[in-house]
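Participant: Below is the structure I would like to discuss, written out as structure tokens.
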Amino acid sequence: MKETSDVSNNRYYTYILYSLIDNGFYIGFSNNLKRRLTQHARGEVEATKNRLPVRLIHYEYFIDRTDAEAREKFLKSGYGRIQFKQILKNTLKRIESS
């Protein structure tokens, strides 16, 4: 039996950040999640630099860029926001109570 491995070397991420300043969300996409999170933390991302600190509360991994971008677009939609808030309700309760 062969060991499992990544299907592809391509890695794409859709992620959700939570701002501890304004309790809002930032939904993004990247092919290098570590680098992108570092950019957010350093204030190098225009959309979040005035909302720091932010916390990573969710991410999803894709091997296809188009799928990751479509997921980002969906999460930014009205129904997508409702869905992720429902899925992450316990995470959000924990963050908001700390």
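The values are calculated or read from the model by the stated rules, or taken from the named source; none is laboratory data. Keep in mind that this is a model prediction, so the values were computed, not measured. Here the Cβ is made from the backbone with ideal geometry for all residues, glycine too, and neighbour counts use every protein chain on show.
Participant: Which residues, counting only those in segment 72-91, are farther than 15 Å from Gly28 by Cβ, touching a strand residue (DSSP E or B) at 6+ places or on another chain (Cβ under 7 Å) and free of Cβ contacts under 8 Å to residues at least 60 places away in the same chain?
Facilitator: Matches in segment 72-91: Thr91 only.
Participant: A further question on this structure: Restricting to segment 2-24, give me the number of residues that are modelled with pLDDT under 65 and either at positive phi or surrounded by 10 or more Cβ atoms within 10 Å (Cβ to Cβ) (or both). Explain how you work it out, then say what you get.
Facilitator: Step one: filter segment 2-24 for residues modelled with pLDDT under 65, giving 2-7.
If we keep only those that are either at positive phi or surrounded by 10 or more Cβ atoms within 10 Å (Cβ to Cβ) (or both) as well, we get none.
Residues that pass the stated criteria total 0.
Participant: Hey, can you tell me all the residues within segment 88-98 that are outside any loop (DSSP other than H, G, I, E, B), modelled with pLDDT of 95 or more and surrounded by 12 or more Cβ atoms within 10 Å (Cβ to Cβ)?
Facilitator: Correct list: Thr91, Leu92.
Participant: Right, another one. Restricting segment 23-49 to residues that are of a type in the set (Ser, Thr, Tyr) and in contact with a helix residue (DSSP H, G or I) (Cβ under 6 Å, 6 or more places away or on another chain), which is nearest to Arg65 (Cα to Cα)? Lay out the reasoning, then the answer.
Facilitator: At the first step, the residues of segment 23-49 found to be of a type in the set (Ser, Thr, Tyr) are 26, 30, 38, 48.
Right, trim to in contact with a helix residue (DSSP H, G or I) (Cβ under 6 Å, 6 or more places away or on another chain) and you get 30, 48.
Values: Ser30: 9, Thr48: 23 Å.
Selected residue: Ser30.
Participant: In segment 36-80, how many residues are outside any helix (DSSP H, G or I) and in contact with a Ser or Thr (Cβ under 6 Å, 6 or more places away or on another chain)?
Facilitator: Residues of segment 36-80 that are outside any helix (DSSP H, G or I), as a first pass: 42-64, 77.
If we keep only those that are in contact with a Ser or Thr (Cβ under 6 Å, 6 or more places away or on another chain) as well, we get 51, 54, 57, 60, 63.
Looking only at that region, the number is 5.
Participant: For Arg51, state whether it is touching a residue at least 12 places away in the same chain (Cβ under 8 Å), surrounded by 11 or more Cβ atoms within 10 Å (Cβ to Cβ), within 21 Å of Asp22 (Cα to Cα) and within 14 Å of the chain's Cα centre (by Cα). Break it down into steps so the answer makes sense when it comes.
Facilitator: Details: touching a residue at least 12 places away in the same chain (Cβ under 8 Å): yes; surrounded by 11 or more Cβ atoms within 10 Å (Cβ to Cβ): yes; within 21 Å of Asp22 (Cα to Cα): yes; within 14 Å of the chain's Cα centre (by Cα): no.
No, not satisfied.
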